[in-house]
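A.B. asks: Supplied in structure tokens, the structure appears directly below.
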Amino acid sequence: MNIKPVITAAFSAAFFIAAAAPSDAVPAFSSDSLTLDDCLRIAMTNSPTVKVADKEVERVDYSRKEVIGQLLPNIDFSASYSRMLAKQVMYMNMDAFKGMGGGAEGGEGGEDKPAEETPGLGKSDGGIKVGLDNSYNMGFQASMPLIAPQLWASLSLTKEQVVRNVEAARQSRQQLVNQVKSAYYGLLLAEDSRRVIQESYDMAALTHDTYVKQQALGAASDYDVLRTSVAMKNIEPQLTQANIAIRRARLNLLILMGLDSSFELKPADRLSNYESDMYGAALEASNTDYSGNADLKLLDIDTKLTARSLKLQKLAYAPTLALTANYTWTSMNNGTPFKSLKWNPYSMLGVSLQIPIFSGGQRYSKVKQAQIQLEELRLQRENLERSIASQVALAADNIRLNVEQIASSSESVRQAETAHTIMEKSFNIGAASYLNLRDSELALTQARLAYYQAIYNYLIARSELELLQGNAPIEKYSSANN
């Protein structure tokens with residue numbers, strides 16, 4: 001049996017499966033059809049900002065577990081060895097034993113005899129050497145808090161910190177949605193503006209070619225050819241600037257999406273596609289509810305954290321009670337270490353009570369700091385709420401004004417297109433001059449640019465209102481929905 005075709009087929013199948021599998025580095029989206037939702041989903045998956053926010057939530061959760069661990073028994077094992085270099089000499093007062101015939105030895109007249117060496121005891125002046133050469137100690141120590149009010153309060157404080165970091169992660173996603181939308185709309189504006197300028201350049205080039213042909217036939221002067229050539233070259237710097245704007249907008253969007261600059265990103269939308277739903281959004285702008293604003297929610301959580309911190313500082317005056325226990329083995333010997341060891345175990349169980357009395361006013365100062373900080377947060381919330389209310393009202397006004405501007409610009413574009421068509425036909429039959437035609441081209445270009453700029457301003461104002469109200473559908477762009 002010839003197995004070569006089988007092997008070839010297997011390698012071919014493996015190649016196509018690997019090619020069809022989505023890559024971790026580049027999301028499985030076609031670079032030719034990236035919509036705004038596609039960009040937002042990629043950003044929610046790849047953006048370092050979102051990843052850092054999620055890691056911070058995970059870190060604080062471990063911090064909470066650390067506090068819980070302090071309520072559980074703490075068990076340690078320790079071991080030590082020491083070698084005696086010079087033994088301690090101990091002296092005993094024997095005066096109390098003189099009446100019993102146990103006074104100090106001496107000669108006649110109460111004079112002491114010269115000191116003599118006594119093996120194992122040092123000099124015969126009553127000194128005794130104590131201790132052995134080698135000492136070993138090892139065992140277990142355990143402790144557990146029984147009454148710890150400040151520790152219990154810190155546990156509820158870490159719960160609030162977890163809630164705060166979750167809200168901070170939500171704020172990061174809200175801000176990322178706003179930034180990606182702004183960058184995407186900026187890219188659409190840059191591409192539509194370049195398209196308008198390119199059309200203006202093509203019209204100028206067509207007119208120039210017409211005069212060049214007429215000059216060859218003797219129907220146009222050198223001045224007409226030069227004038228159309230200058231008009232065409234005056235547009236070339238605008239095309240260059242438009243290309244630079246497109247590259248900058250694309251790189252900015254790629255950075256926000258967490259993609260490499262080599263990724264070929266092409267938006268699938270155009271600004272004119274958003275004109276159809278702007279009237280419904282203008283009605284939504286009448287809703288000025290900003291209760292979902294992330295800054296306000298974070299400030300409320302910070303206020304709760306400070307209130308709990310104030311309670312925590314007050315509990316520093318409360319006594320604490322802890323349970324302690326140990327089980328230890330000891331051994332001592334003379335001469336060579338680790339020889340003739342005899343281990344003697346002993347154990348202990350007890351309680352430790354600590355009552356704070358005086359610390360130089362430190363606890364009182366910490367309580368006053370927390371109280372002042374709590375008042376500061378309340379004042380900051382009042383100021384922030386007024387600021388957000390004003391920004392929401394301003395964003396809603398901008399949406400309504402931009403909707404009116406879009407309607408006006410759209411009508412201006414239609415009129416400019418009609419005027420240009422009339423002028424172009426008149427120019428072709430010789431009823432209009434080149435200056436008239438050029439004026440109509442410039443008017444059409446300006447009308448189109450103003451139209452796209454109005455749509456861009458409307459979309460930016462809508463995105464800003466969404467961020468201020470905190471109602472961006474971030475769950476829609478999460479990785480679970482990819």
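The values are calculated or read from the model by the stated rules, or taken from the named source; none is laboratory data. Model, not experiment: these values are computed from the prediction. Ideal geometry is used to build each Cβ from the backbone, glycine not excepted, and the neighbour counts take in all protein chains shown.
A.B. asks: Considering the range 445-482 alone, what residues qualify as being within 30 Å of Arg227 (Cα to Cα) and either without any contact (Cβ under 8 Å) to a residue 60 or more places away in the chain or in contact with a Ser or Thr (Cβ under 7 Å, 6 or more places away or on another chain) (or both)?
C.D. replies: Within the range 445-482, Thr445, Gln446, Ala447, Leu449, Ala450, Tyr451, Tyr452 meet the criteria.
A.B. asks: On to the next question. Quick one: which of Leu206, Leu157, Leu217, Leu189 is aliphatic (A, V, I, L, M) and modelled with pLDDT of 90 or more?
C.D. replies: Leu189
A.B. asks: What are the residue pairs meeting all of these: first residue in the range 240-264, first residue more than 18 Å from Gln179 (Cβ to Cβ), second residue not in a helix (DSSP H, G or I), Cβ atoms under 9 Å, and 6 or more apart or on different chains?
C.D. replies: From the range 240-264, the pairs are Asp260/Ala25; Asp260/Val26; Glu264/Ser31; Glu264/Asp32.
A.B. asks: Continuing with the same structure: Tally the residues that are closer than 25 Å to Glu58 by Cα and surrounded by fewer than 19 Cβ atoms within 10 Å (Cβ to Cβ), restricting the search to the range 172-199.
C.D. replies: 2
Rundown of residues vs (1) farther than 23 Å from Leu187 by Cα; (2) surrounded by fewer than 19 Cβ atoms within 10 Å (Cβ to Cβ); (3) touching an Asp or Glu at 6+ places or on another chain (Cβ under 6 Å), yes/no style:
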| site | (1), (2), (3) |
| --- | --- |
| Ser440 | yes, no, no |
| Gln446 | no, yes, no |
| Leu449 | no, yes, no |
| Ala454 | no, no, no |
| Leu459 | no, no, no |
| Glu464 | no, no, no |
| Gly470 | yes, no, no |
| Pro473 | no, yes, no |
| Tyr477 | no, no, no |
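A.B. asks: Pick from Thr328, Thr306: which is β-branched (Val, Ile, Thr), surrounded by 14 or more Cβ atoms within 10 Å (Cβ to Cβ) and not in a helix (DSSP H, G or I)?
C.D. replies: The match here is Thr328.
A.B. asks: Which ones in the range 248-269 are in a helix (DSSP H, G or I), basic (Lys, Arg) and either in contact with a Ser or Thr (Cβ under 9 Å, 6 or more places away or on another chain) or under 18 Å from Thr35 (Cα atoms) (or both)?
C.D. replies: Arg250
Yes or no, residue by residue, for (1) of a type in the set (S, T, N, Q); (2) under 16 Å from Tyr434 (Cα atoms):
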{"site": "Phe140", "(1), (2)": "no, no"}
{"site": "Met144", "(1), (2)": "no, no"}
{"site": "Thr158", "(1), (2)": "yes, no"}
{"site": "Leu187", "(1), (2)": "no, no"}
{"site": "Ala190", "(1), (2)": "no, no"}
{"site": "Tyr211", "(1), (2)": "no, yes"}
{"site": "Gln238", "(1), (2)": "yes, no"}
{"site": "Arg248", "(1), (2)": "no, no"}
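A.B. asks: Give the residue, chosen from Asn74, Asn46, Asn93, that is over 30 Å from Asn178 (Cβ atoms), modelled with pLDDT of 85 or more and not charged (D, E, K, R).
C.D. replies: Asn74
A.B. asks: How about the range 211-240: which of its residues are loosely packed, with under 14 Cβ neighbours inside 10 Å, assigned to a helix (DSSP H, G or I) and of a type outside the set (A, V, I, L, M)?
C.D. replies: Lys213, Asp222, Tyr223, Lys233, Asn234, Glu236, Pro237, Thr240
A.B. asks: Restricting to the range 342-362, count the residues that are over 48 Å from the mean Cα position of the chain (by Cα) and not in a loop (DSSP other than H, G, I, E, B).
C.D. replies: Within the range 342-362, the first condition is being over 48 Å from the mean Cα position of the chain (by Cα), and the residues that meet it are 342-348.
Those still in the list that are not in a loop (DSSP other than H, G, I, E, B) too: 344-348.
The number of residues fulfilling the criteria is 5.
A.B. asks: Going residue by residue through the range 439-448, is there one that turns out to be of a type outside the set (Ser, Thr, Tyr), assigned to a helix (DSSP H, G or I) and within 20 Å of Val177 (Cβ to Cβ)?
C.D. replies: No: zero hits.
A.B. asks: Continuing with the same structure: Got a sec? Which of Leu353, Leu379, Leu341 is under 30 Å from Leu321 (Cβ atoms) and exposed (fewer than 15 other Cβ atoms within 10 Å of the Cβ)?
C.D. replies: Leu353
A.B. asks: On the basis of being part of a helix (DSSP H, G or I), free of Cβ contacts under 8 Å to residues at least 60 places away in the same chain and either among the β-branched types (Val, Ile, Thr) or within 28 Å of Asp54 (Cα to Cα) (or both), does Thr418 make the cut?
C.D. replies: Yes: the conditions hold for Thr418.
A.B. asks: Evaluate the following for Glu417: is it in contact with a helix residue (DSSP H, G or I) (Cβ under 9 Å, 6 or more places away or on another chain) and either in the same structural domain as Thr210 (by TED's automatic domain parsing) or among the hydrophobic types (A, V, I, L, M, F, W, C) (or both)?
C.D. replies: Considered against the rule, which asks whether it is in contact with a helix residue (DSSP H, G or I) (Cβ under 9 Å, 6 or more places away or on another chain) and either in the same structural domain as Thr210 (by TED's automatic domain parsing) or among the hydrophobic types (A, V, I, L, M, F, W, C) (or both), Glu417 comes out as yes.
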